[in-house]
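Let me begin by presenting the structure, written as structure tokens, before commenting on it.
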Amino acid sequence: MIQNFVQKLIRKSEFFFTRAELLGDKQTVRHISKLNRNFGFDMVFDVGGNVGQYGRLLRKAGYQRDIMSFEPVPELASKIRAGADRRWEVIESGLGDIECQTKFNVMKSSPLSSLLEPITQEGDKLADLNIIQKKIDVHINTLDNFLRARQDLTFSKGLLKLDVQGFEKKCLLGGTEFIDRFLALQVELSVTPLYAGMDSYVKMIEYIDEIGFAPSIILSQSPYQFPKLIDFDVIFIRK
């Protein structure tokens, strides 16, 4: 009886219990769910799909419409497909500011894989993981080119998630024609640079403000990032 009372109290409040390292994912689920209830996303572009973590969070958040996951590494794209439902499409490509064929750095830890060269130094927290294991040939498209070709994708309240290890601004620069179709962005922002040529969180926030989006929530990061923050995720909403 007491347990049922506590569960009802939690459901009706903003309180929840979780491990510290899972707090960011919990916040993502709750905030996306709230945005979806209020505004109704009609398409999600998951750029930097890895093995489908973000798509699974979207389903937990109650989003049941179309997901387009972009993942240029064939083995990872296959893993997303294996767990995808019928409204979840996987595009075996990356996104950037120009369409091209190029080399992609597959790191020891797959979520750190990037088009950019790693610059972690010995002693850095991610130095043992942000190491190039191999380089593969990949196709890079632009968001604008992709949407021009896919006229079947009619949406006006999209969510664009970018977790592309320093290539986030390039993705946005390649989507200026269709950025007005997006209601919200979720972007990983860098505090401690891990790759050559990446933009800092300050420059990224300024640019995202220029294209018409304001912060909706700053998501918690793992307590592993102590005492200096490496990166953090922000969900932005159209102004």
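Since S109 meets every condition but one in (1) closer than 28 Å to S222 by Cβ; (2) in contact (Cβ under 8 Å) with a residue 60 or more places away in the chain; (3) surrounded by fewer than 18 Cβ atoms within 10 Å (Cβ to Cβ); (4) among the small types (G, A, S), which condition does it not meet? Single failed check for S109: (2). Consider the stretch 204-239 and keep the residues that are in a helix (DSSP H, G or I) and in contact (Cβ under 8 Å) with a residue 24 or more places away in the chain. The one that is nearest to S156 (Cα to Cα) is I208. Just one residue in the set L147, L159 is open to solvent by less than 60 Å² (accessible area, probe 1.4 Å), of a type outside the set (G, A, S), part of a strand (DSSP E or B) and within 28 Å of R238 (Cα to Cα); that residue is L159. For the stretch 84-101, taking the residues that are in contact with a Lys or Arg (Cβ under 7 Å, 6 or more places away or on another chain) and over 14 Å from Q53 (Cβ atoms), the one that is surrounded by the most Cβ atoms within 10 Å (Cβ to Cβ) is identified as G96. When the test is whether a residue is hydrophobic (A, V, I, L, M, F, W, C) and farther than 19 Å from L57 by Cα, F236 does not pass it.
If we scan the stretch 73-83, do we find a residue that is in contact with a helix residue (DSSP H, G or I) (Cβ under 9 Å, 6 or more places away or on another chain), in a strand (DSSP E or B) and surrounded by 15 or more Cβ atoms within 10 Å (Cβ to Cβ)?
Initially, the stretch 73-83 is screened for residues in contact with a helix residue (DSSP H, G or I) (Cβ under 9 Å, 6 or more places away or on another chain), giving 73, 75-76, 80, 83.
Checking the rest, the ones that are also in a strand (DSSP E or B) come to none.
Checked the stretch 73-83: no residue is in contact with a helix residue (DSSP H, G or I) (Cβ under 9 Å, 6 or more places away or on another chain), in a strand (DSSP E or B) and surrounded by 15 or more Cβ atoms within 10 Å (Cβ to Cβ).
Which numbered condition trips up N38, out of (1) touching a helix residue (DSSP H, G or I) at 6+ places or on another chain (Cβ under 9 Å); (2) more than 27 Å from S109 (Cα to Cα)? For N38, the failing item is (1).
Taking the condition of being surrounded by fewer than 20 Cβ atoms within 10 Å (Cβ to Cβ) and either within 19 Å of N38 (Cα to Cα) or in contact with a Leu (Cβ under 6 Å, 6 or more places away or on another chain) (or both), how many residues in the stretch 199-217 meet it?
Narrowing the stretch 199-217 to residues surrounded by fewer than 20 Cβ atoms within 10 Å (Cβ to Cβ): 199-203, 205-207, 209-212, 214-217.
Next, only the ones that are either within 19 Å of N38 (Cα to Cα) or in contact with a Leu (Cβ under 6 Å, 6 or more places away or on another chain) (or both) stay: 201, 214-217.
Final tally of qualifying residues: 5.
Let's see how each residue does on (1) modelled with pLDDT of 95 or more; (2) open to solvent by less than 30 Å² (accessible area, probe 1.4 Å); (3) within 14 Å of D233 (Cα to Cα):
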residue	(1), (2), (3)
Q7	no, no, no
K34	yes, no, no
F39	yes, no, no
G49	yes, yes, no
L58	yes, yes, no
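In the stretch 60-70, the count of residues that are open to solvent by less than 10 Å² (accessible area, probe 1.4 Å), touching a helix residue (DSSP H, G or I) at 6+ places or on another chain (Cβ under 7 Å) and at positive phi is zero. The residues of the stretch 169-197 that are open to solvent by 40 Å² or more (accessible area, probe 1.4 Å), assigned to a loop (DSSP other than H, G, I, E, B), touching a Lys or Arg at 6+ places or on another chain (Cβ under 9 Å) and within 22 Å of E99 (Cα to Cα) amount to a single one, E177.
The values are calculated or read from the model by the stated rules, or taken from the named source; none is laboratory data. In this text, all values refer to a predicted model and were calculated from it rather than measured experimentally. When we count neighbours, we look across all protein chains shown, and the Cβ atoms used for this are built from the backbone with ideal geometry, even at glycine. Accessible surface is based on the protein model in full, side chains and every heavy atom, while ligands, DNA and RNA are left aside. Shrake-Rupley method; radii C 1.70, N 1.55, O 1.52, S 1.80 Å.
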